[in-house]
Amino acid sequence: MVPIKEAVNSGAWLHCEKRDNLFKVNQFRLKILSFKKIDLKDIDEPEKIEDFDGTGDLWLMKIEIINLNKEPTSIFDNIRKLKLIDNDSFQFPKFNDSHLELSSDFGKTSSLNRFFHCDLMPKIKAIGSISFLLPDDEDAEYFIAFDDDGIVQEV
């Protein structure tokens, strides 16, 4: 696992991989460009966000990703399996919401709509954003992880 603050500050590429026995099943490179708390005033009609009642904080992570598989892969095989883990080992999956990512103007201006539903082509960089719902805890440190049995390491 790689600390988010360190990944943003260093600008390093992270290699993410999930293996099935000895075979590489899914691999990609990820660069975290920024990670910041979303101000709800910036979201048009935030009341339409499902599974969010205003408790906790929504965070926006801007990323670059490169699919290293030989064929196109669905975002469900990579981006949607990203999660954050805090220093107490609590896990927070990528937050998914059609209004926030697709229907709202905020989804377009923040690039959340880029990874709503798409295939990632091999070797071609894609830039967009993903969101996370996190507790209101200014002291928490978060680490990026990939799936339950995947690895994330700095290149």
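Taking label points 7 Å from Cα along the Cα-to-Cβ direction, I124 and S74 give a separation of 1.9 nm. The modelled label-to-label distance between E6 and L40, using points 7 Å beyond Cα along the C-beta direction, is 3.4 nm. Multiplying the residue separation of R19 and D149 by 0.36 nm and subtracting their alpha-carbon distance yields 46.0 nm. Exposure proxy ranking for H15, H117, based on other Cβ atoms within 10 angstrom of each Cβ and starting from the fewest, stands as H117, H15.
Under a model in which nothing but the beta-carbon of Lys, Arg (+1) and Asp, Glu (-1) is charged, the chain shows a dipole of about 1080 debye around its Cα centre. Each of T55, T109 was scored by other Cβ atoms within 10 Å of its Cβ. Listed from fewest to most, they are T55, T109. Averaging the sequence gap over all C-alpha pairs within less than 8 Å and six or more residues apart, then dividing by the number of residues, gives segment 79-120 a relative contact order of 25 percent. As a length-normalised measure over Cα pairs under 8 Å and 6 or more apart, the relative contact order of segment 2-154 settles at 33 percent. Once each of the GluC sites (Glu not before Pro) sitting in a DSSP loop with at most 10 other beta-carbon atoms within 10 Å is removed, the chain keeps 51-137 as its longest stretch.
Remark: segment 56-70, residue by residue, has Karplus-estimated 3J(HN,Hα) of x, 10, 8, 10, 10, 10, 8, 9, 10, 9, 10, 6, 9, 7, 6 Hz, where x stands for each Gly or Pro and the curve is 6.51 cos²θ - 1.76 cosθ + 1.60 at θ = phi - 60°. Structure remark: mean-square fluctuation, Gaussian network model of the chain, C-alpha springs under 10 Å; the largest value among F143, F52, F95 belongs to F52. Fewest neighbouring Cβ atoms within 10 Å first, the residues S89, S103 line up as S89, S103.
Using a cut-off of 24 Å between Cα atoms, the listed pairs K36/K123; K31/K123; K18/K83; K5/K123; K36/K83 include K36/K123; K5/K123 as exceeding that distance. Can you give the longest run of the chain that contains no trypsin sites (Lys or Arg not before Pro) sitting in a DSSP loop with at most 14 other Cβ atoms inside 10 Å? Counting at most 14 other Cβ atoms within 10 Å as exposed, the longest clean stretch of the chain is 1-69.
Every number here is computed from the coordinates shown, using simple stated rules; none is lab data. What you see is a predicted model; the values in this text were computed from it and never measured. Cβ sites come from the backbone with ideal geometry, for glycine too, and all protein chains shown count toward neighbours.
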